[in-house]
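Below is one structure, written out as structure tokens; the observations come after it.
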Amino acid sequence: MKAVVYRGTKQLEVVQIPEPELPEGGAVIKVTACGLCGSDIVKIRQGIFKDGAVPGHEIVGYIHKIGENSNFKVGDRVVAGHHVPCFNCVFCKNGNYSMCRQFKATNINPGGFCEYLAVSRAHLENTVFKVPDSVPDTAASFTEPVACCLRAVKRADVKRDDVVLVIGLGSIGLIMGQVIKHFGAKVVACDLLDERIQLARELGFDAAYKYTNDGEISGLVRANFQQEGADKVFLASGSAKSLPLATSAARDGGTILVFASVPNYEAGFANNDIYYRELTVLGSYSPSPDDLKTSLQLITDEVIRTDRLYKPCQLEDINAAIDDTCANRILKAYITL
């Protein structure tokens, strides 16, 4: 079958690899498309993937093969989360499902950028969901990233009428703002690109500003929404320069939610800001199975709009799609097979 593999050169290559076998109690899925996640790009550009690995996890497809005694059948259109927690360890018992050791060890086989992949019995029971007929493949492929944002909003304990600043309006920032609005909060955002600022406004953000400097954005939040500053700040930008803005815009006692990968040597919050101002800084990485289920429902109910967040690309053009994403020429690539 056709697949994209990482070759250790920070580039991807389309090759032929064997089709995965049907796991006992699991299924083989025919992949229709797979979204190109920012985390995949980071791992490719930083050389984190192992040679020969198949990236991709934001999949939509059809059940191609399946054993008996399943709630699914051949031909069912599905989305699938790529990791499954054990639900019994200290991490799971405390709601930290993405820290579960089984979660980190489980994965789809081989990855989303291929014609067929295998999922285990545990995946079928917890992270594979049938897609309603009313939901197009393009929208369904956003199930995992929307679930990531849902998880982040829940971890930050966003409340009705909170003032929330979203820094960075890539696809994640634009989804994050919509989820925050669903929770009843006021959403303010900033970005460097005019077209993304306009899109945020069209998606229902309460305000979206062009970034000029930290002081101006912080001042606009205080002048137009809450004089004390933002109750919550979401970092959806991979730039270390956004960290000082987060601390300056947050109110005393506020929360900063980190949802971006920044090289450690570039990143760091001011310790005394956290200490004297009683700021809460936390991260959010990946969703739980329940978040995935809720995410698909939000997409089905059209609470979250994704129709303007992607560009369709062929599998053979994936390296160009990565370049275009990194250069901000597109928000997100939707890789079709």
*The listed residue being buried (at least 18 other Cβ atoms within 10 Å of the Cβ) and modelled with pLDDT of 95 or more, out of L192, L220, L199*: L199
*Answer yes if at least one residue in the range 257-280 is free of Cβ contacts under 8 Å to residues at least 40 places away in the same chain and surrounded by 21 or more Cβ atoms within 10 Å (Cβ to Cβ), and no otherwise.*
yes
*From (1) touching a Cys at 6+ places or on another chain (Cβ under 7 Å); (2) assigned to a helix (DSSP H, G or I); (3) surrounded by fewer than 23 Cβ atoms within 10 Å (Cβ to Cβ), pick out the condition that doesn't hold for Y209.*
(2)
*If we keep just the residues of the range 98-116 that are among the small types (G, A, S) and in a loop (DSSP other than H, G, I, E, B), which is nearest to the chain's Cα centre (by Cα)?*
G112
*asked:* Out of the strands (runs of 3 or more DSSP E) lying entirely within the range 242-337, which hold 1 or more residues that are in contact with a Pro (Cβ under 8 Å, 6 or more places away or on another chain)?
replied: 333-336
_Selected residue (criterion: farthest from the chain's Cα centre (by Cα)) from residues of the range 21-48 that are buried (at least 21 other Cβ atoms within 10 Å of the Cβ), in a loop (DSSP other than H, G, I, E, B) and not aliphatic (A, V, I, L, M)_ = G26
*State yes or no: is D214 more than 16 Å from I172 (Cβ to Cβ) and either in contact (Cβ under 8 Å) with a residue 60 or more places away in the chain or outside the structural domain of N94 (by TED's automatic domain parsing) (or both)?*
yes
*Test result for K181, within 14 Å of R305 (Cα to Cα) and either assigned by TED's automatic domain parsing to the domain that holds E58 or of a type in the set (K, R) (or both)*: yes
*Please enumerate the residues belonging to the range 218-234 that are over 18 Å from E278 (Cα atoms) and of a type outside the set (S, T, N, Q).*
G219, L220, V221, R222, A223, F225
*Please give the number of the condition R77 fails out of (1) in contact with a helix residue (DSSP H, G or I) (Cβ under 8 Å, 6 or more places away or on another chain); (2) farther than 23 Å from I299 by Cβ; (3) among the basic types (K, R).*
(2)
*Working carefully through the options D76, D137, D161, find the one that is surrounded by fewer than 21 Cβ atoms within 10 Å (Cβ to Cβ), touching a residue at least 12 places away in the same chain (Cβ under 8 Å), of a type outside the set (A, V, I, L, M, F, W, C) and in the same structural domain as I172 (by TED's automatic domain parsing).*
D161
_Tell me the residue from G95, G56 that is surrounded by fewer than 17 Cβ atoms within 10 Å (Cβ to Cβ) and not in a strand (DSSP E or B), please._
G95
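The values are calculated or read from the model by the stated rules, or taken from the named source; none is laboratory data. Worth saying up front: this structure is predicted, and the values here are computed from it rather than measured. In this analysis, Cβ positions are derived from the backbone assuming ideal geometry, glycine residues included, and neighbour counts consider all displayed protein chains.
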